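For reference, the structure discussed in these notes is given below.
The values are calculated or read from the model by the stated rules, or taken from the named source; none is laboratory data. Nothing here was measured: the structure is a model prediction, and the numbers come from that model. Positions of Cβ are backbone-derived with ideal geometry, glycine not excepted, and every protein chain shown enters the neighbour counts.
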Amino acid sequence: MFGAKIKYQNSFSDTDTATDICKAATYDEVKDISFTFQHNTPSLMVILKGDGDRWGISNIALAIDECPSGCDSCSSSLCLDQKQVPISITWTTVESTLTASCGGYSYQYTTGNFMEIHLTLDPHNTINSAMKSHIANADNPTLTIKVDNQIVSATQSLSVRLSNAAFFCFQNQILEVVINDLDHTNPTITFRIEVVMVRYDAGSIMPLIGIKESQLFIKTVIKQIVSLELPFEGCLMSFSELFEGCSFCVRSLCLHCNEGWEYIQQDQRCQPICGDGLIVNNEECDDENLTPYDGCQNCKFSCPQFCQQCVRGKCIKCELPWKLMNGQCLYVCDQILNYSDQLFSGCFFQIENFVMNGYYYEYNSKMSLQHTLLNNANQKEFRYEFLECEISDYGMMGYQYNQCIVRQISYCKKQLWNKCLECQDGYQLAHNKQYCETKCKDNYKLDFETCDDGNNIQFDGCFQCESSCQLECLYCINQECLYCKEGWYLIENQCLPICGDGITVPTEQCDDNNQESGDGCFECKAECSNCKICNYNNKCQVCEEHFELVSQLCQPICGDKYIEPGLEECDDGNEIQDDGCYNCQLECYSGCKRCYFGLCTDICSFDELYVDGMCVKEEINVSQCSDGCQDCIKGQCVKCKQNFQLLSGVCQVFACGNGIREIYEECDDGNILSNDGCSKNCTVENNWTCLSKDSQSNTCYQLTEVNLEYLNVTRQNQFVQLSYSKKVRLNLNSDPNNFLNQYSLKLLGLQEDQYQITCLPKIPIAQDEHRSILYEFQIILFQQILNQLNFNVFINDTVLDENDIAVTSSNVSIQLKVPKILTASQSTFSQTFRKVGYSMMISLSCSSVIMLLLGEFAQTVALLDILQYQQYLKYLNVDYPYNVYIYFESSNFITLQPLLNQLNFIEFYQNIVQENFQQSIGKFKEYELNADLLTNIDSLLFQLICGMIFLLILCIYEKLISKHIPIVQVATYVQKWQCKLIQSIFKYLYKYKRKYLEISKVVNINTFIQFFYANSWDLIFKVFLFLISNTQSQNRQKASLLICISYLGIMIKIFLFDIRKNMSKTRVTLIKAAQLEKLILFKKFSFHFLLTWMQYYPITQCILIPLFISSYVVLILGFKLKTQKIEILTTLSLEIPIILCILMNIPYCEDFQSYFSINSQIYIGFAQIGLLILSLIGPLVQTGFEFYCKLKKYLNSRKQTRLKEQQNKTTTNIFIEAL
C-alpha cells in the first residue's frame, strides 16, 4: 500500500520455485516488483503487509520525478503556474488538538467532529489545495471539506483500512482530498474539515481525525498589458513582460536579464540559459546538465538510451534485449549463466551466481572469482582496481567485504557512501549529489569564484561570480574598464556619457552637440513646442495646458476662451464666422479686401484692386502681360509665373533657392534660409562647405574642426585634451597606431630631453568606423622654464569626417601655463625645510603626550590643534609653488588612519556603512579628498568606542575590584618590594587616578564639551566638506545631512552653555577659560567656513581668513582671556606668522600671478615656509617652560618631604602619604 491505495497484491507458494537461497527446509524465491504511479504530495507512507511464514525486502529503491527548479508544483506534463502558500499555523478545533505519530509521521489530531484553519493570502483569483487526512478506528466515516463555509468536497469512500493490524495506528485510514481551480479572490481563506465517525473497534480508542499534511496554492491575477504604441512602452513603463526575459531596459534596449536568462550583447536581448535548472520561455525541460540520453537534451525532451518509445523524456518501451525498470532501459542478463560471458558483457546476475557458486564457503568447495574475492579472508582487505562499486554488481555485499572505495567528497558536511547529503555553509549540492559546488550570489567569495556580490545583475562588476564590467565597456581587466564604447568616456574606471558631445547613447533621448534650449534637444532630452512629454522622435505625447495634440504636434485649443500670445489673435469661444473672431484670428466685415488685425484698411473702391501700392481697375488682360507675368490689369502685373517674383510691378527671375546651382551662385540648397550653410543669397556661410552638383549637389555640411583644450596643471604635470567637432575616421592608407606619435607632439623652443609628452588615447581613432575621438596628453617639464610655451600637435594623416569629407590637414597649438618648477638648489633647500618642519611637528606631538601624562588636557588639545592648523593651510585654493607643497608633506603624518588600518578598524567600519566615495570641489578635488561624511567619521567613532571601553574598565574597577581588593592592601604589598621606583610609580598613578579618573569626574557635561573641543578642527572641516560637495538626495546623504544638523546644533548649544549655572562658586579664571575655549571654537568655525565655502574665491580667502584671525587675537588681548606673559607671547608667535603666511598667498591668485615671476613666487614660498616653522617655535618654548616649572615644583616637594622624614624619623605608610 502507498498511502491509502493498494498498488501491489499477490500470493506465493513454496511449490512455485526450486531455489533455496535461505538454506531452510522449504524452497524460496526472489521476486522483482516495480511500478509507477502519480503522486504530488510532499510525503509518502509505504506499508508492506504480508501473511505467511517468512518474507522480507532487499534493495528497495524509490525514484521520484521532481518538479523543475523554481516550480512550486507541477503535473506530469508541465510546471503549474501557481505559488505555494506557506502554512505555519496549526489547525484549531473545539476540542484540544494533540500530536500523535503513525509510521514515522507526526500529525495533529482531535476526537472532535471538525478541524479548521484561517490563512491570509496574497492577491489571487484561483486556489488549488491538497490535504491528507488520517482517521483511526472509524467505520465508514463521512468527511466534508468547506472553504469559507461553502462545501467543496464530500465523501464516504473511507472503507479501506489496514485490516488485521490494530496495533498499527489503530485501524489506520488515509484520505487524500484534492481541490482543483476553485475560484477565490478574498484576501483571507478558512478551511474547515467536518467528519462523522462511528467507532469501528469498540475495544479500542475513540475515533479520531488528524491532518497529516496540507498544501495550498494560489494563482496570481494575470496583468493584462496592452501596448500603448508609445516610445515609453515596455520596460520603460514598468511593463517588462513586453520584453521577454528582460528585467531592465533603456530606450527599448534590454540591459539586464531575469534569472534563468543570459544577455546576448551583440543582439541586446535575453536568451534562456539551458542547463541552469530553470524552465523559461520555450524550454521543454531543464535537468541542470547537457548530458545526452538522459531524457532531456538541449532543454528539449529526448528519449533515454536504448529506448524505443518515450513520452516527454520518459521511456515507456525499450529496445530488445533491454528491459524497462524504474523508467530506465536496463540490460537483461537472466540467461547468461556463464561467468566469463558475464565478465565480457559487463552484466552480472548476482542471485544465480550465488546459487551456482555457493553463498557460504563450507557449502560448496567450488568457488568462482567473485566468491573468492568476497569470502577469502586473506583477500578481504585487498581492493581490486577492476572491481567497480556498483549495487548491480555486488548488491549490499560490496561494502561488507571492503571492496567499495568511498572517496571523501570535498566540502561535504554529511555523506552517505558516494553521495553527499548536505554541504558545508557556502556550498550547495550538485545535481548528481556527488560533489559540492560553491553557492553563487550568496555574497561570499569562495574557491574558484573571482567575485560574489550577492546578486545576478549583469554589468555591475560581478556577474555569475565572474568579474565583469558595465555594458558600455569594451575592454575590461579584473573588473577595471580600460576602454569604453563610442559615446561613453572613461572616468575613474567607469564608462559615463557626456551630454553635449553629439553622440546619443541609450541613457539619452538626443544629443545635438550643444546645450542650447529651444532647438529640439536640451540637456539630452527631446524638446517639443508647448509639450510636457516629448518622445525620442520629437513628437509630443502630452501637451501643456490650453494646447491639444494634432498629428503629434501641440496646437492651441481654439474655442477655450484663452488667447495664446503669438499664436492666437482672439478667442471668443465659438466658431461663428463674421462675428469679429474666426479660427482665433481677428476678422473684418465680409466685403473688406485688406484686413489688418480686425481693422479694414481698404483705400480703393470696390471695383478696384490694390496692387503694388496702387489702385487699379479690376480688368484682367493676359495678352498685355509682360514676360514672367501670369495675370495683369492694363499692363500692370498682379501675379507672376513660377520662379518669378513681383517686385515694383515687374516679374523678375528669382533663381536662388530652387535647388539648382547657377554660375553666379556659390551654393543653392533649395531654400532661402540662412544659418544652414547656404545663405538666403546663395553664398556659402562661414565654417561650412557645400558640395558641387558633380558629386553631391546643393548639400552643405559644417566644417570639422580640431580642438585642443587645456585641462589642468598638477605640480609638474600639465594635461591637454584633443578632440574633433564631429566623428572622424582615418584614411585606409594610414596606420592608426602611428596617429599622433612622438614626432607629432612638440614643445617649440625646447629640446626633446627637456620634457616628456605621454599620449593617453581615451577614444582612439579607427579606420573602419567613425568615432568621437578623444586623446589626452600629459606634459612633464624636467627643468625650470620662465617663458610661455606652446604645445603643438602636427596632424599629417588624412582624416575623414562622418560625411567622408577630408578634414584639412592642420597643425593645432595651445599655450601652456608656466609651471613653478624648482631648480636643483631650490629643491635641496625645500627638502631641508621639510625635514626641519617634520622634526618640530614630531617634537610637538611628543610634547602633547607629556602634557597628557602630566594631567594638562587643555594643553594637549592646544598642541594637537596647532598641528592640524598648519595641515589645513594647504587646502587654500591657490597655486602654491612646488617648494610649499614639499613642506606641506611634513604634516601628512597627523592622522589616526595608520593606527586604524593596523587594527583593521577601517575594514570593519566600512563593512557596516559600506564604502562610498563622494567627489569634492576645488583644491579638495585635487587632493582627492572623500567628501562622504559617514566614511570620514571613522576616527571619531573609534575614539568613542575606546572611551566607552575605558569607562567600562573604570566602572568594573570601582564597583567590583576596589571592594574586594582595598587600596591599602595593594599599597602594603608594594611597600614590601623595597623598590623606591615602583613605590614612586604607584603613588603617582594613585594620585593621577584620584585627581582625573574618578567616574564622577569623567562622566559629566564638561568632559563631553572637552571631547567636542578636541575633535572640533576635524569635524567642522568634514561637515562643511560634505555640505559643499553634496549634490544627491539618497538615504545615505540624508543621514549625513542629519548628522551635520545635529553637530551644528550641539555647537550652538555649547556656545550658549553657561558654566556658572553648573557651579555654585565659579572662579573668574574658570569663566575666562570657558570663554577662551568658545572663542577658539568660533575661530575654527570661521576658518573652515571660509576655507570650504569660498573655494572659488581665493582672494576672498586670503583676505577674510587673516581678518578673522586678527579679530581673534584682538579679543584675547582686549578681554584679557590670557594673562600670563608666556601664553600671550605664544599666541602672538603662532597667529602672526599664520596671518602673514596667508596674506602672502595673494601673488599666487590668478589675478596677480602675471605681476610676479616664477622665481619671485618660489622665493615668496620660502618666506612662507620660514613663517610656518617660526609659528611652531612659540608652542614648543611654552611646553618646555611648563615642563620645567612642573619639574622644579616636583623636586621642591620631594626635598621638603625628605626634610620632614628626617625630622620625624618615622615610616609612613605609602597609602597615607599619598592621601
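Listed values, structure above:
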| quantity | calculated |
| --- | --- |
| Test: residue in the stretch 735-745 that is surrounded by fewer than 19 Cβ atoms within 10 Å (Cβ to Cβ) and either in a strand (DSSP E or B) or modelled with pLDDT of 90 or more (or both) | no |
| Test: residue in the stretch 215-225 that is assigned to a loop (DSSP other than H, G, I, E, B), modelled with pLDDT of 70 or more and in the same structural domain as LYS83 (by TED's automatic domain parsing) | no |
| Among the residues listed as SER839, SER847, SER825, SER891, the single one being small (Gly, Ala, Ser), without any contact (Cβ under 8 Å) to a residue 40 or more places away in the chain and over 30 Å from GLN754 (Cα atoms) | SER839 |
| Residue in the stretch 48-55 that is touching a Phe, Trp or Tyr at 6+ places or on another chain (Cβ under 7 Å), part of a loop (DSSP other than H, G, I, E, B) and modelled with pLDDT under 75 present | no |
| Evaluation of SER648 against (1) over 27 Å from ASN671 (Cα atoms); (2) at pLDDT below 70 (one fails), failing number | (1) |
| Extreme residue, nearest to ASN892 (Cα to Cα), among residues of the stretch 903-924 that are of a type outside the set (A, V, I, L, M, F, W, C) and surrounded by 14 or more Cβ atoms within 10 Å (Cβ to Cβ) | LYS923 |
| Residue in the stretch 309-327 that is modelled with the highest pLDDT, counting only those that are under 27 Å from ASN282 (Cβ atoms) and not hydrophobic (A, V, I, L, M, F, W, C) | GLN309 |
| When residues of the stretch 255-283 are limited to those that are acidic (Asp, Glu) and modelled with pLDDT of 80 or more, the one surrounded by the most Cβ atoms within 10 Å (Cβ to Cβ) | GLU283 |
| Selection from the stretch 549-562 of residues that are surrounded by fewer than 16 Cβ atoms within 10 Å (Cβ to Cβ) and of a type in the set (A, V, I, L, M, F, W, C) | LEU549, VAL550 |
| Among the candidates LEU1027, LEU989, residue that is within 30 Å of ILE866 (Cβ to Cβ), under 47 Å from the mean Cα position of the chain (by Cα), of a type outside the set (Ser, Thr, Tyr) and surrounded by 12 or more Cβ atoms within 10 Å (Cβ to Cβ) | LEU1027 |
| Residue check for SER939: in contact with a Leu (Cβ under 6 Å, 6 or more places away or on another chain), closer than 30 Å to SER1029 by Cβ, among the polar types (S, T, N, Q) and assigned to a loop (DSSP other than H, G, I, E, B) | no |
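To keep it simple, each residue is scored yes or no on (1) among the aliphatic types (A, V, I, L, M); (2) assigned to a loop (DSSP other than H, G, I, E, B).
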{"residue": "TYR775", "(1), (2)": "no, no"}
{"residue": "GLN788", "(1), (2)": "no, yes"}
{"residue": "ASN796", "(1), (2)": "no, yes"}
{"residue": "VAL812", "(1), (2)": "yes, no"}
{"residue": "LYS820", "(1), (2)": "no, yes"}
{"residue": "MET840", "(1), (2)": "yes, no"}
{"residue": "CYS846", "(1), (2)": "no, no"}
{"residue": "GLY855", "(1), (2)": "no, yes"}
{"residue": "ALA862", "(1), (2)": "yes, no"}
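Every residue, every condition in (1) surrounded by fewer than 16 Cβ atoms within 10 Å (Cβ to Cβ); (2) assigned to a strand (DSSP E or B); (3) at pLDDT 80 or above, yes or no:
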{"site": "GLN108", "(1), (2), (3)": "no, yes, no"}
{"site": "HIS124", "(1), (2), (3)": "no, no, yes"}
{"site": "SER129", "(1), (2), (3)": "no, yes, yes"}
{"site": "ILE145", "(1), (2), (3)": "no, yes, yes"}
{"site": "ALA154", "(1), (2), (3)": "yes, yes, no"}
{"site": "SER157", "(1), (2), (3)": "yes, no, no"}
{"site": "VAL160", "(1), (2), (3)": "yes, no, no"}
{"site": "ASN186", "(1), (2), (3)": "yes, no, yes"}
